[in-house]
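Structure first, then comments.
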Amino acid sequence: MKIFSGTSNLPLASSICAYIGIELGKSTIKPFPDGETFVKVEENVRGEDVFLVQSTSPPTNHHLMEMFIMVDALRRASAARITAVLPFYGYARQDRKDQPRVPITAKLVANLIVAAGANRVLTVDLHAQQIQGFFDIPVDHLYAAPVMYEYLKKKQLHNLVVVSPDVGGLKMAYAYSQVLEGGLAIVAKRRKSASEVESMAVIGEIRGKDALLVDDLTETAGTLTQAAALIKRKGAKKVLACVSHAILNEVGIERLRKSAIDELVTTDTVLRPAISGVKITTLSVAGLLGEAIKRIHSNSSVTSLFEFKGGRTS
């Protein structure tokens, strides 16, 4: 087995290798003067089971192209099997035609990954689970939830209510409420644009409780901060937010600084510079991905990673 990494999240790739107990594969990735990407795999991969770690975090298109080129290089070097490990799958929000004459880019990216030569995909918390069906190759879909549960249980939150900031995240919020033995609530929202939302009402009992907002990703933090403001007005004592992928641009960081969120709990699926003025706890998914890679390599069950209290986290 060999693990290689693109440039999007080298610390995570190194942590995965440390967990498994192997060295990170050597490769050269550098730009040509005209902006094209040059890749060279610096070790023999003939007949090897190869895993390529690359998050499609900003700059998204650059990181995607880098991954396609690396997969092609590995395929042409006669790797026996290539697994694209995408801790964060970009373009996942464009998974349907929600207005006339728009593309379904999540499907396009799936096609490109397969065309480049990947034999499997390993990813964490897809924005929409049906994206697994966009691939004609096996997809192992992991959940960051077990890592989050471990941390949240240590916090011993009392009188907890798990809140979904929109209808789409209700299933995820329900799973959290079951494991953390809390109540369940939902915020009704209306999206004005890609960066603006309007939270309108809360369904569920919030007053006097510790609220935990759960979502799969946040970028401009509009959904989270609006929902937090609303549940704080409804009488929540403390507001925590739990997000698998915190991509966070300047707008998002500024909104979080002014928001009612006491702590944002996220993971290292995307590389992010240190942010001041916001309490962010970053948990590592290296152990989770490392264990999944070991199991895929040995043809063992990946599903059993998510057995909780006799049920599943999904």
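The values are calculated or read from the model by the stated rules, or taken from the named source; none is laboratory data. As the structure is a computational prediction, the values presented were derived from the model and not from experiment. So basically every Cβ, Gly included, is an ideal-geometry build from the backbone, and we count neighbours across all protein chains shown.
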Inset, instruction - Would you point out the residue of region 1-25, among those that are under 12 Å from VAL85 (Cα atoms) and among the β-branched types (Val, Ile, Thr), that is surrounded by the most Cβ atoms within 10 Å (Cβ to Cβ)? - result: ILE16
Legend entry - Qualifying position, being more than 19 Å from ASP136 (Cα to Cα) and not in a loop (DSSP other than H, G, I, E, B), among ILE113, ILE82, ILE3: ILE3
Inset, instruction - Report yes if some residue within region 131-152 is among the aromatic types (Phe, Trp, Tyr), at pLDDT 95 or above and within 22 Å of the chain's Cα centre (by Cα); otherwise report no. - result: yes
Inset, instruction - Could you look through region 105-126, keep only residues that are more than 18 Å from the chain's Cα centre (by Cα) and among the small types (Gly, Ala, Ser), and pick out the one that is surrounded by the fewest Cβ atoms within 10 Å (Cβ to Cβ)? - result: ALA115
Legend entry - Elements of type strands (runs of 3 or more DSSP E) in region 224-314, at least 2 residues being buried (at least 19 other Cβ atoms within 10 Å of the Cβ) and in contact (Cβ under 8 Å) with a residue 40 or more places away in the chain: 238-246, 263-267
Inset, instruction - Would you mind telling me which numbered condition in (1) in a loop (DSSP other than H, G, I, E, B); (2) at pLDDT below 95 PRO103 fails? - result: (2)
Inset, instruction - Can you confirm whether region 36-44 contains a residue that is in contact with a helix residue (DSSP H, G or I) (Cβ under 9 Å, 6 or more places away or on another chain), in a loop (DSSP other than H, G, I, E, B), surrounded by 19 or more Cβ atoms within 10 Å (Cβ to Cβ) and of a type in the set (Val, Ile, Thr)? - result: no
Inset, instruction - Scan region 56-69 for residues that are of a type in the set (S, T, N, Q) and either farther than 19 Å from ASN249 by Cα or not in a loop (DSSP other than H, G, I, E, B) (or both) and report the count. - result: 2
Inset, instruction - From the list ASP72, ASP95, pick out the single residue that is in a helix (DSSP H, G or I) and surrounded by fewer than 21 Cβ atoms within 10 Å (Cβ to Cβ). - result: ASP72
Legend entry - Residue in region 190-201 that is touching a strand residue (DSSP E or B) at 6+ places or on another chain (Cβ under 7 Å), part of a loop (DSSP other than H, G, I, E, B), modelled with pLDDT under 90 and surrounded by fewer than 21 Cβ atoms within 10 Å (Cβ to Cβ) present: yes
Legend entry - Every residue from region 78-90 that is buried (at least 16 other Cβ atoms within 10 Å of the Cβ) and modelled with pLDDT of 95 or more: ALA79, ARG81, ILE82, THR83, ALA84, VAL85, LEU86, PRO87, PHE88, TYR89
